[in-house]
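The values are calculated or read from the model by the stated rules, or taken from the named source; none is laboratory data. Everything numeric in this text was worked out from a predicted model, so none of it was measured. Please note: Cβ atoms are built from the backbone with ideal geometry, for glycine as well, and neighbour counts cover all protein chains shown. Side chains are part of the model used for accessible areas, which takes the heavy atoms of the whole protein and leaves out ligands, DNA and RNA. Shrake-Rupley method; radii C 1.70, N 1.55, O 1.52, S 1.80 Å.
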Amino acid sequence: MTNETAGDDPRWQMQTCRVLEEVRMERDRQRVDKGYTRTRDDGYAPGALCRAGCAHAYGAAMELEGRKPTRSYLRFLWPWDMAAFKAHPARRALIVACALIVAEIEKLDRGAERSKS
């Protein structure tokens with residue numbers, strides 16, 4: 001087993017921590033700067049935040065493959081009006097995608113907590 005697969009390489013750990021910190025910062029930006037609060041997130045249809053993240057990840061994948069995303073597939077993934085979709089360079093799009101998926105997970109967790117009470 002190599003250090004890379006063992007996960008005990010400090011360089012790998014630092015890189016992962018940096019990326020996760022960027023995702024956290026993007027999630028904070030979405031809440032603070034854009035007004036996408038937990039209450040607002042909870043009002044979205046189940047899976048909407050996940051689909052939005054998938055749309056950004058799809059755009060990134062197409063860019064990395066040297067292709068253009070098809071508008072019809074983006075429309076299929078994006079849960080809101082297409083005018084609200086903002087394409088980003090691949091790396092940025094992946095950070096946004098991860099933050100949106102984190103928002104969906106947070107929403108699921110809040111729902112599970114409410115179900116317990």
Report the gain in length on full extension from residue 80 to residue 112: 0.36 nm times residue separation, minus Cα-Cα distance, nm rounded to one decimal. 9.0 nm
Within the set of other residues whose C-beta is less than 13 Å from the C-beta of residue 27, count the net charge using Lys and Arg as +1 and Asp and Glu as -1. -2
Between residue 105 and residue 64, take the C-beta separation as r, use R0 = 25 Å, and let me know the FRET efficiency to the nearest 0.05. 0.55
So the carbon and sulfur contribution to the accessible area of the chain, 1.4 Å probe, in percent, is 60 percent
Of 98, 30, 13, whose Cα points farthest to the positive end of the dipole of the chain (charges on the beta-carbon: +1 Lys, Arg; -1 Asp, Glu; origin at the Cα centre)? 30
Enter the accessible area per residue of the chain (Å², integer; probe 1.4 Å; all protein chains in place). 67 Å²
Under the 7 Å Cα-to-Cβ spin-label approximation, residue 90 and residue 15 lie apart by a distance in nanometres of 1.5 nm
Net charge over other residues, Cβ less than 14 angstrom from the Cβ of residue 102 (K, R count +1; D, E count -1): -1
For mean projected area of the Cα convex hull in nm² the list reads (i) 12.8; (ii) 11.1; (iii) 9.8; the calculated value is entry (iii)
Can you list the lysines whose alpha carbon sits under 27 Å from that of residue 86, skipping same-chain ones fewer than 8 residues off? 34, 68, 107
